[in-house]
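For reference, the structure discussed in these notes is given below.
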Protein chains: 2
Amino acid sequence: MDRRQEILEAATKSFSLFGFKATTMEQIAKIANVGKGTIYTFFENKEVLFQEIVLRVITEMKQEATKVINEEASFQENAYAALMKMLEFRDTHQLFAKIIAEEQEWRTPAVIQVRAQIEQAIVSFIKQKVDKYINAGEIRQVNSELVAYLLLKGYLAFVNDWNLTHEKPLTEKEITDFFQDTIFHSLII
Amino acid sequence: MDRRQEILEAATKSFSLFGFKATTMEQIAKIANVGKGTIYTFFENKEVLFQEIVLRVITEMKQEATKVINEEASFQENAYAALMKMLEFRDTHQLFAKIIAEEQEWRTPAVIQVRAQIEQAIVSFIKQKVDKYINAGEIRQVNSELVAYLLLKGYLAFVNDWNLTHEKPLTEKEITDFFQDTIFHSLII
DNA sequence: AGATGACCGAATCGGTTTTCTGGTCATTTT
DNA sequence: AAAATGACCAGAAAACCGATTCGGTCATCT
């Protein structure tokens, strides 16, 4: 297998498991079975390597979300399906959860910036989908950016914050049904 | 003016400005023009003083919200008015924002506990109002606790988080109109 | 020509010393 | 005598500093 790929996989594993800061280049090199210097022939520095990985994960999530959307189906059905799909990925979100946690602990620019980048990417993806349905006349004319922002923040609140003050985590179905019942419901004409 | 009141005001000022940890009892005493020991004749310790203040702010906010609710008016009108009123208090929220920020920096039990307490108080207040309207048959039968939670988290997201990644803060009207348009809209029958 | 790991300096860790601060209480004030 | 006070104490936090780690480079090796 080509070395670039080996490095990417090793780094993904390590970043997801230990976070940005606690992952060392030496460790990545060891897992990837390459010399440390080799990493630098493919990636400018640790930060760039990290960004590349985050970009890949986001891209994968977008693809998964897009895959689940059916042009024939209604907005409500598609929104429900997409949200369910994202919730299936709760584990993949481990990487993002790690980053968010890290952002508050170590205020390193690399992490703060990547966090903002992830947020921006997700929001603009959702916004674009919402706009499509607005233009198709299937949902009401709302501020799509605010809707996207609320969806993301609401999602994170229920998936992550909720558990801090509540015994039992919410199930995927509870969360999705609730969104269906409130935000999605408010959008349809 | 009575000493207890002086102390409360001095402490409120100081906690709001500097947070729990960075506020010293000596500082409070100086602002209140009393000896440090005097504080302890009124409040068991720093933590109790802090809780008393938080309780007062929450109580005041509840009163303000309640005052603005008109029994004659519709849910939609009242929700709008109450949210607007809360947004008028953005500055008073400084204290809460400080606490939330502090919670992540210093994991001191006093702060974590008070944060959870505030959240719980606000959510149950909103939940109660929502339930009232559900029972009155004015809004749909939704999970009122989740609605309350979403309203709180959404509110905080737009008032606080939004500014971290956006140049211009949202205006009170933008936020309220948006909530009106989405969450509140979804609730009416 | 591509890969490597010894090497460098900057950042971080950890342990030690110093300073600060919550809470007490003997003394002073009213 | 009752209330207020601030010097005092113990423990917690900050400041300091030498030891260690780690990102990134580059002379050497394959």
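Coordinate-derived values only; no laboratory data. These numbers were taken from a predicted model, which means no experiment stands behind them. As a convention, Cβ positions derive from the backbone with ideal geometry for all residues, glycine included, and neighbour counts pool all protein chains shown.
One table, with the values for the structure above:
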| item | result |
| --- | --- |
| Average Cα contact separation per residue, the stretch A:46-187, under 8 Å, 6 or more apart, as relative contact order % | 27 |
| Computed magnitude of the charge dipole of the protein assembly as shown (debye, nearest 20; Cβ of K, R +1, Cβ of D, E -1) | 860 |
| Of B:ILE39, B:ILE139, B:GLN117, farthest towards positive along the dipole that unit charges on Lys, Arg, Asp, Glu beta carbons give chain B | B:ILE39 |
| Degrees separating the helix A:144-156 axis from the principal Cα axis of chain A, which is the longest one | 60 |
| Rotation relating A and B, chain B residue nearest the axis via C-beta, angstrom | B:SER186, 2 |
| Filtered GluC sites (Glu not before Pro), the stretch B:62-114: DSSP coil and at most 14 other beta carbons within 10 Å | B:GLU71, B:GLU72 |
| Candidate aspartates and glutamates for bridging to A:LYS30, where Cα separation is under 13 Å - those fewer than 8 sequence places away on the same chain excluded | A:GLU6, A:GLU9 |
| Neighbouring partner chain Cβ atoms per residue of B:148-156, average, 10 Å criterion | 4 |
| Dipole magnitude (debye, nearest 20) for chain B, charges at Cβ of Lys, Arg, Asp, Glu | 480 |
| For A:ILE189, inter-copy label distances in nm, listed shortest first [label point 7 Å out on the Cα-Cβ vector] | 2.6 |
| Debye intensity ratio in log₁₀ form over the Cα atoms of the stretch A:18-137, taken at each q of 0.14, 0.18, 0.20 Å⁻¹ | -0.72, -0.99, -1.13 |
| Residue-averaged beta-carbon neighbours from other chains (10 angstrom radius) around A:180-187 | 6 |
| Two-decimal Rg/Rh across the stretch B:67-126, once Rg and the Kirkwood Rh are taken from alpha-carbon atoms | 1.11 |
| Net charge, A:ALA29 excluded, C-beta distance under 12 Å - Lys, Arg +1, Asp, Glu -1 | +2 |
| Per-residue average of Cβ from other chains inside 10 Å of B:3-9 | 0 |
| Candidate lysines - alpha carbon under 18 Å from B:LYS98, same-chain residues fewer than 8 apart omitted | B:LYS13, B:LYS21, B:LYS46, B:LYS153 |
| Lys, Arg +1 and Asp, Glu -1 on Cβ, resulting dipole of the stretch A:70-176 about Cα centre, debye, nearest 20 | 180 |
| Residue-averaged [θ]222 nm for chain B, counting only DSSP H segments that reach four residues, each worth -39500 (n - 2.57) | -22000 deg cm²/dmol |
| Cα-based helix-to-principal-axis angle, B:75-88 vs chain B, degrees rounded to 10 | 30 |
| Distance from the stretch A:126-189 to the stretch B:47-110 (C-alpha centre basis), Å | 24 |
| Using a 7 Å Cα-to-Cβ projection, B:GLU174 label spacings across copies, nm, ascending | 3.4 |
| Net charge contributed by nearby residues that have their C-beta within less than 12 Å of B:SER144 (K/R +1, D/E -1) | +1 |
| Those aspartates and glutamates that a straight Cα-Cα span of less than 18 Å connects to B:LYS173, excepting residues fewer than 8 apart in one chain | A:GLU145, B:GLU77, B:GLU88, B:ASP91, B:ASP161, B:ASP181 |
| Helix A:94-105 axis, angle to chain A major axis (alpha carbon atoms, nearest 10°) | 80 |
